[in-house]
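J.: Please see the structure below; I have some questions.
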């Protein structure tokens, strides 16, 4: 037995690894064949015009099959399976990426024509047709989202601290359960909740920005609680015990040891929860309404917000249809840019705040 | 600086489970006492009752007395936070605070308690504590680097420096060398020998050679079976325990015939 193992060659005799050149040739061959097939189909009148998506899909499938067969012949079963799985995983990744790239491409192409100084310098007051801008909506979105964050972060953070550090028994279980339930609330219900709440105090038909902030908080708090909770649970218990053993009271341990250790993750979670709510349309449509004028005051009158602006521009196209559509696309682009910026900031913050030894 | 610990008829519980039963022993000041015994016999549990770290675990409680210089740690009106400032602890796994530099780790006991301290006092305390933990020469040039960048043995000595920086009366060590290599272990054992001049030290260890090397007195604990409470079997001078134990099970355990 031992001698057999000793004498067995490290590389099986028939093993010839697929070189990069073979792989590229296979890929090229698949593409040529697939595009050829679709070109002939097109010429023969079987399709209306050249089906590029079909050609790419066929080329991908062909390439995976070819590589598998070649590898099976020259490299053996284990390596062939590895190549097959690698091909499938890569394809899945590209399929995931496709809608995202398509979405960003479309938004940029359609949004750029009105991505100008005028858009960021004026509201829609007294504008019919071309011109005007989305400054009022941008300000509204920033104010309402900012207010929602101001409400949600303290509530969410403290709830998470309670759940992880203090909560025991029934009450903690109940809170966890309701937080989970709240994560699944449809956003329109949050809007109706805020509307019903403020209608009690200010009568029916109330519309103002802070109501929207409250509605968004209902959506944001569970996300903040959940992400913060997970981050606090990641802090090793040994650090808490180390602080206790030095005679540090519990609350100081939480403030000075637990929170600093988890702060990077907490901030990232908050940033992502902002990204989650900044594009909400339905609740704002109900409780904030829409306005064509600038309104800086969160506490009185309707306000414009970017998502609702996109919706109204698209829904009520005036005489100069293209002008309305352009403004809608540009607003969408601005919204995407804000979310991108928030994600970038979250990454930077988590890089600079994470414990230096672990970076 | 160092004080006498008296444990009188102590029972330790986790909720309804009796983990340690009827322990009575006296630990003299400026001595090293080793707790030895098989896993699960309650050595660490007993150790954690000496600075009230035991009750950090939900449902944990004790019956009986733990006296430090005659004062009952579990008496009415005793704040566990104050107890822990007098009885320091070093844990099994080195646990420096990852957000802090080496310097801040050493003075963590002061800084975390929001006590103000002048820079020169802080510098003195850092140097003194690191000298005390035999770490000064290795880290004096990189005090502002994170503590988690040190090797395991250095981290453990950093934790010892952190514990002695708050100048406790008693130092508890819960298997401080079990995660370390023999050389770091030797460094810590030497350190224990030096710290003995200032502190009362109680050390839990699974390594019987270590117990015989570092300790003056040794307590042997045992359990009669799973689910049974741990009991103090024998407590005597280390030489007596290892050379001439009075109880048969002690002899079985230290000679390796046990279990």
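J.: Sort out which residues of region A:40-53 are loosely packed, with under 15 Cβ neighbours inside 10 Å and either assigned to a loop (DSSP other than H, G, I, E, B) or modelled with pLDDT of 90 or more (or both), and write them in order of number. Break it down stepwise before answering.
T.: Within region A:40-53, the first condition is being loosely packed, with under 15 Cβ neighbours inside 10 Å, and the residues that meet it are A:40, A:43-50, A:52-53.
Residues satisfying the conditions are A:44, A:45, A:46, A:47, A:48, A:49, A:50.
J.: Here are some conditions: (1) within 30 Å of residue B:161 (Cβ to Cβ); (2) in contact with a helix residue (DSSP H, G or I) (Cβ under 6 Å, 6 or more places away or on another chain); (3) buried (at least 19 other Cβ atoms within 10 Å of the Cβ); (4) touching a residue at least 60 places away in the same chain (Cβ under 8 Å). Residue A:263 meets all but one. Which one does it not meet?
T.: Going through (1) within 30 Å of residue B:161 (Cβ to Cβ); (2) in contact with a helix residue (DSSP H, G or I) (Cβ under 6 Å, 6 or more places away or on another chain); (3) buried (at least 19 other Cβ atoms within 10 Å of the Cβ); (4) touching a residue at least 60 places away in the same chain (Cβ under 8 Å) one by one, residue A:263 breaks only (3).
J.: Which condition does residue B:20 not pass, out of (1) more than 30 Å from residue B:130 (Cβ to Cβ); (2) at pLDDT below 90; (3) in contact with a helix residue (DSSP H, G or I) (Cβ under 7 Å, 6 or more places away or on another chain), if it passes all the others?
T.: (2)
J.: Still on this structure, I have one more. Go through region B:140-152 and give me each residue that's part of a helix (DSSP H, G or I) and surrounded by fewer than 21 Cβ atoms within 10 Å (Cβ to Cβ).
T.: B:148, B:149, B:152
J.: Only one residue in A:179, A:225, A:164 is modelled with pLDDT of 95 or more, touching a helix residue (DSSP H, G or I) at 6+ places or on another chain (Cβ under 7 Å), in the same structural domain as residue A:271 (by TED's automatic domain parsing) and under 25 Å from residue A:264 (Cβ atoms), so which one is that? Break it down into steps so the answer makes sense when it comes.
T.: Numbers: A:179 fails: modelled with pLDDT of 95 or more; A:164 fails: modelled with pLDDT of 95 or more.
Answer to the check: A:225.
J.: Look at residue A:247 and say whether it is more than 22 Å from residue B:51 (Cβ to Cβ) and either without any contact (Cβ under 8 Å) to a residue 24 or more places away in the chain or crowded, with 23+ Cβ neighbours inside 10 Å (or both). Spell out the reasoning first.
T.: On the way: more than 22 Å from residue B:51 (Cβ to Cβ): no; either without any contact (Cβ under 8 Å) to a residue 24 or more places away in the chain or crowded, with 23+ Cβ neighbours inside 10 Å (or both): yes.
No.
J.: Exactly one condition in (1) touching a helix residue (DSSP H, G or I) at 6+ places or on another chain (Cβ under 7 Å); (2) modelled with pLDDT of 90 or more; (3) over 15 Å from residue A:123 (Cβ atoms) is not met by residue A:317; state its number.
T.: Residue A:317 satisfies all of (1) touching a helix residue (DSSP H, G or I) at 6+ places or on another chain (Cβ under 7 Å); (2) modelled with pLDDT of 90 or more; (3) over 15 Å from residue A:123 (Cβ atoms) except (2).
J.: Among the residues of region B:23-48, what is the count of those that are within 14 Å of another protein chain (Cβ to nearest Cβ) and assigned to a strand (DSSP E or B)?
T.: 0
J.: In region B:49-72, how many residues are without any contact (Cβ under 8 Å) to a residue 24 or more places away in the chain and within 13 Å of chain A (Cβ to nearest Cβ)?
T.: 2
J.: Just need a number here: residues in region B:102-122 that are within 8 Å of chain A (Cβ to nearest Cβ) and either farther than 18 Å from residue A:258 by Cβ or at pLDDT 90 or above (or both).
T.: 1
J.: Please work out which residue is nearest to the other protein chains (Cβ to nearest Cβ), limiting yourself to region B:154-179 and to residues that are without any contact (Cβ under 8 Å) to a residue 40 or more places away in the chain and closer than 21 Å to residue B:215 by Cβ. So that I can check it myself, show each step before the final result.
T.: First, the residues of region B:154-179 that are without any contact (Cβ under 8 Å) to a residue 40 or more places away in the chain: B:154, B:157, B:177.
Retained after the next criterion (residues that are closer than 21 Å to residue B:215 by Cβ): B:157, B:177.
Values: B:157: 14, B:177: 16 Å.
If we take residues in region B:154-179 being without any contact (Cβ under 8 Å) to a residue 40 or more places away in the chain and closer than 21 Å to residue B:215 by Cβ, then B:157 is nearest to the other protein chains (Cβ to nearest Cβ).
J.: Follow-up. Go through region A:128-238 and tell me which helices (runs of 4 or more DSSP H), entirely inside it, have 3 or more residues that are in contact with a strand residue (DSSP E or B) (Cβ under 6 Å, 6 or more places away or on another chain) and surrounded by 14 or more Cβ atoms within 10 Å (Cβ to Cβ). Full working, then the answer.
T.: Values: elements: A:135-161, A:169-183, A:187-202, A:209-234.
Helices (runs of 4 or more DSSP H) meeting the threshold: none at all.
J.: Looking only at region A:240-289, count every residue that is at negative phi, within 14 Å of chain B (Cβ to nearest Cβ) and outside any helix (DSSP H, G or I) and tell me the total.
T.: Residues that pass the stated criteria total 3.
J.: Determine which single condition residue B:75 fails, assuming it passes every other condition in (1) at pLDDT below 90; (2) within 11 Å of chain A (Cβ to nearest Cβ).
T.: (2)
J.: Something else about it: Show the residue pairs meeting these rules: Cβ distance below 6 Å; 6+ apart or different chains; first residue within region A:340-359 and over 9 Å from residue A:268 (Cα atoms) and within 14 Å of chain B (Cβ to nearest Cβ); second residue assigned to a helix (DSSP H, G or I) and at pLDDT 80 or above.
T.: So the pair list comes out as A:353/A:263; A:353/A:264; A:354/A:264; A:357/B:148; A:357/B:149.
J.: Being surrounded by fewer than 24 Cβ atoms within 10 Å (Cβ to Cβ) and closer than 30 Å to residue B:123 by Cα narrows it down to one residue among B:231, B:196; which is it? Please lay out each step first, then the result.
T.: Values: B:231 fails: closer than 30 Å to residue B:123 by Cα.
Among B:231, B:196, only B:196 is surrounded by fewer than 24 Cβ atoms within 10 Å (Cβ to Cβ) and closer than 30 Å to residue B:123 by Cα.
J.: What is the residue count in region B:84-95 for residues that are out of contact with any strand residue (DSSP E or B) (no Cβ under 8 Å at 6 or more places or on another chain) and within 8 Å of chain A (Cβ to nearest Cβ)?
T.: 4
Quick grid of which residues meet (1) in the same structural domain as residue A:209 (by TED's automatic domain parsing); (2) out of contact with any helix residue (DSSP H, G or I) (no Cβ under 8 Å at 6 or more places or on another chain); (3) surrounded by fewer than 15 Cβ atoms within 10 Å (Cβ to Cβ):
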position: A:38; (1), (2), (3): no, no, no
position: A:55; (1), (2), (3): no, no, no
position: A:65; (1), (2), (3): no, yes, yes
position: A:72; (1), (2), (3): no, no, no
position: A:78; (1), (2), (3): no, yes, yes
position: A:126; (1), (2), (3): yes, yes, yes
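The values are calculated or read from the model by the stated rules, or taken from the named source; none is laboratory data. Remember, it's a predicted structure, so these values are computed and weren't measured experimentally. Because the Cβ atoms are built from the backbone with ideal geometry, glycine has one as well, and the counts that use them run over all protein chains shown.
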